[in-house]
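Written below as structure tokens is the structure these notes are about.
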């Protein structure tokens, strides 16, 4: 077979920068290098103009006003700014925050930080599909609840939460609604007006833009959202986030957003087709393959799948010319497998046996066919080596065994 | 993370994969670990006159766990069980250049050989060799 290796199928981690994005960024390094905050000369004006053009592209992608876009260093900072910024600003009003156990660490750790500061955080569970419901949130809202933070699409499973329902509920109950939309932005349609989103974290490098730049959408009307800045200084970004603007990064982000918006329909259909081809081959050709997370409400390019009785890291080792990630955590000292999969009720063995494969702009059908062949070959090889597989073939129920955890 | 060439070699060409008849009197079986922890090792030995004639393993776990068990089966073949029971995890870790986060794989392999020897000894009233650590799992 003539596919070029290594094959990259980890687009949920990061993406290559689109050559069109690189092209618009380059002059910002060597020619249009002015500080966007310099008001006294043409170098500054040009940079400011370029930043504002990017802001418009990003705003348009989510049906926002450009003034509602605050540039940051990335989604981790955006999540921190949203959660800590709201918590600090509304501390007098209340100190209760609602989030979900399957959130990204940037959200969970910001919440944990606030708990140490005396805030109260409710971590809602998800069902076996990976979903949280508006009813769960409605029941958790208290008079002192100030913020609900629930991710748009999960980074490990690709499961998409019912954002419009959650936004509507939060607006009815007059609670701020933040969503970490890093995985969803540029992949599926997002309308902050229709969905009732008050704050939203997004990132450039997940949509073929550069690393080190992201944004926080902050609603200006109905309601006007105010937050306490977490980075103080020159008062950039309407005082929400000080610091000299990363002009090349922002310009690249704007171009990446434009491309994502204009090609979204066509590209997501193509990517979905490739993912489904791969998923169907796995299910048909490898027994005991289990897809994690509901496919009913899901990103087009993400596939999280467990190959029972084969440990994920050993499988990755056998796929050395293929870049994917695993829900197993044998490399970390804790040995804890994915907390996201465990929260969905997956047993530890299946969580350890999971792979996350994400399809992107460059992926071809030939590549995923090669991947399907290799995965099948390695799963079969490793199962021949697996005592668990042998026990199951012998009709032994693994749950009936008294194991010795170590 | 980068694996050592020895780990990769054992992972790609594992020695002595397979099973022996565990009901056979001359066979000792050790199963250690837990699926929940991401690794389970099954190590079996066939013993004649106190000497390990054959060794087989099956491992569910990362590459280092597979390599650790593969290496141990290689080492114990031809060894007296009184010698094999003395194998230390540090020797395995050193031979495979395991990084700190993978030391538990070598511990598991040490536990597995000790458990297999103990199972064999139990079948023979604990007569041959000294008693090993109690770390086996009854299947």
Checklist entry - Out of A:150, A:146, which single residue is in contact (Cβ under 8 Å) with a residue 60 or more places away in the chain and closer than 21 Å to residue A:94 by Cβ? => result A:146
Checklist entry - Of the residues that make up segment A:118-131, is at least one without any contact (Cβ under 8 Å) to a residue 12 or more places away in the chain and out of contact with any strand residue (DSSP E or B) (no Cβ under 7 Å at 6 or more places or on another chain)? => result no
Checklist entry - Among the residues of segment B:88-116 satisfying the criterion of being in a loop (DSSP other than H, G, I, E, B) and surrounded by fewer than 19 Cβ atoms within 10 Å (Cβ to Cβ), which is nearest to the other protein chains (Cβ to nearest Cβ)? => result B:99
Next on the checklist: One residue is enough: does segment A:28-45 have a residue meeting the conditions assigned by TED's automatic domain parsing to the domain that holds residue A:227, closer than 23 Å to residue A:182 by Cα and touching a residue at least 60 places away in the same chain (Cβ under 8 Å)?
Outcome noted: no
Checklist entry - Which of the residues that make up segment A:321-335 are at pLDDT below 90 and closer than 16 Å to residue B:3 by Cα? => result A:329, A:330, A:331, A:332
Item to check | Single match in A:297, A:325 (criterion: more than 8 Å from chain B (Cβ to nearest Cβ) and under 24 Å from residue B:105 (Cα atoms)) | outcome: A:325
Next on the checklist: So, in segment A:392-403, exactly how many residues are more than 10 Å from chain B (Cβ to nearest Cβ) and not in a helix (DSSP H, G or I)?
Outcome noted: 2
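Every residue, every condition in (1) within 14 Å of chain B (Cβ to nearest Cβ); (2) touching a residue at least 12 places away in the same chain (Cβ under 8 Å); (3) part of a helix (DSSP H, G or I), yes or no:
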residue	(1), (2), (3)
A:313	yes, yes, yes
A:336	yes, no, no
A:357	no, yes, no
A:360	no, yes, no
A:363	no, yes, no
A:371	no, yes, yes
A:383	yes, yes, yes
A:390	yes, no, yes
A:405	yes, no, no
Next on the checklist: Checking residue A:309 against (1) touching a strand residue (DSSP E or B) at 6+ places or on another chain (Cβ under 6 Å); (2) within 14 Å of chain B (Cβ to nearest Cβ); (3) assigned to a loop (DSSP other than H, G, I, E, B): exactly one of these is not met. Which one?
Outcome noted: (1)
Next on the checklist: Take the residues in segment B:7-34 that are part of a helix (DSSP H, G or I) and within 17 Å of the chain's Cα centre (by Cα); name whichever of them is surrounded by the fewest Cβ atoms within 10 Å (Cβ to Cβ).
Outcome noted: B:11
Next on the checklist: Suppose we filter segment A:35-68 for residues that are closer than 18 Å to residue A:194 by Cβ and either crowded, with 22+ Cβ neighbours inside 10 Å or under 22 Å from the mean Cα position of the chain (by Cα) (or both); how many remain?
Outcome noted: 8
Checklist entry - Are any residues in segment B:10-21 free of Cβ contacts under 8 Å to residues at least 24 places away in the same chain and within 12 Å of chain A (Cβ to nearest Cβ), and if so, which ones? => result B:12, B:13
Checklist entry - Looking at (1) within 12 Å of another protein chain (Cβ to nearest Cβ); (2) at pLDDT 95 or above; (3) within 29 Å of residue A:320 (Cβ to Cβ), which is the one condition that is false for residue B:71? => result (1)
Next on the checklist: What's the number of the only condition in (1) at pLDDT 95 or above; (2) touching a strand residue (DSSP E or B) at 6+ places or on another chain (Cβ under 7 Å); (3) closer than 16 Å to residue B:30 by Cβ that residue B:80 fails to meet?
Outcome noted: (3)
Checklist entry - Does any residue of segment A:176-194 turn out to be in a helix (DSSP H, G or I) and either surrounded by fewer than 20 Cβ atoms within 10 Å (Cβ to Cβ) or assigned by TED's automatic domain parsing to the domain that holds residue A:339 (or both)? => result yes
Item to check | Number of positions in segment A:269-322 that are over 25 Å from the mean Cα position of the chain (by Cα) and crowded, with 24+ Cβ neighbours inside 10 Å | outcome: 3
Next on the checklist: Consider segment B:35-58. How many of its residues are surrounded by fewer than 24 Cβ atoms within 10 Å (Cβ to Cβ) and more than 10 Å from chain A (Cβ to nearest Cβ)?
Outcome noted: 8
Item to check | Candidate set from segment A:343-355 (those that are at pLDDT below 95 and assigned to a helix (DSSP H, G or I)); member that is nearest to residue B:12 (Cα to Cα) | outcome: A:352
Next on the checklist: Which count do you get for residues in segment A:273-302 that are out of contact with any helix residue (DSSP H, G or I) (no Cβ under 7 Å at 6 or more places or on another chain) and either in a loop (DSSP other than H, G, I, E, B) or modelled with pLDDT under 95 (or both)?
Outcome noted: 8
Checklist entry - Could we say that residue A:17 is farther than 25 Å from residue A:155 by Cβ, buried (at least 18 other Cβ atoms within 10 Å of the Cβ) and in contact with a helix residue (DSSP H, G or I) (Cβ under 9 Å, 6 or more places away or on another chain) here? => result no
Checklist entry - Do the conditions hold for residue A:204, that is, is it in contact with a helix residue (DSSP H, G or I) (Cβ under 6 Å, 6 or more places away or on another chain), more than 25 Å from residue A:88 (Cβ to Cβ) and in the same structural domain as residue A:107 (by TED's automatic domain parsing)? => result yes
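The values are calculated or read from the model by the stated rules, or taken from the named source; none is laboratory data. Given the structure is predicted, the values throughout are model-derived calculations rather than measurements. In this analysis, Cβ positions are derived from the backbone assuming ideal geometry, glycine residues included, and neighbour counts consider all displayed protein chains.
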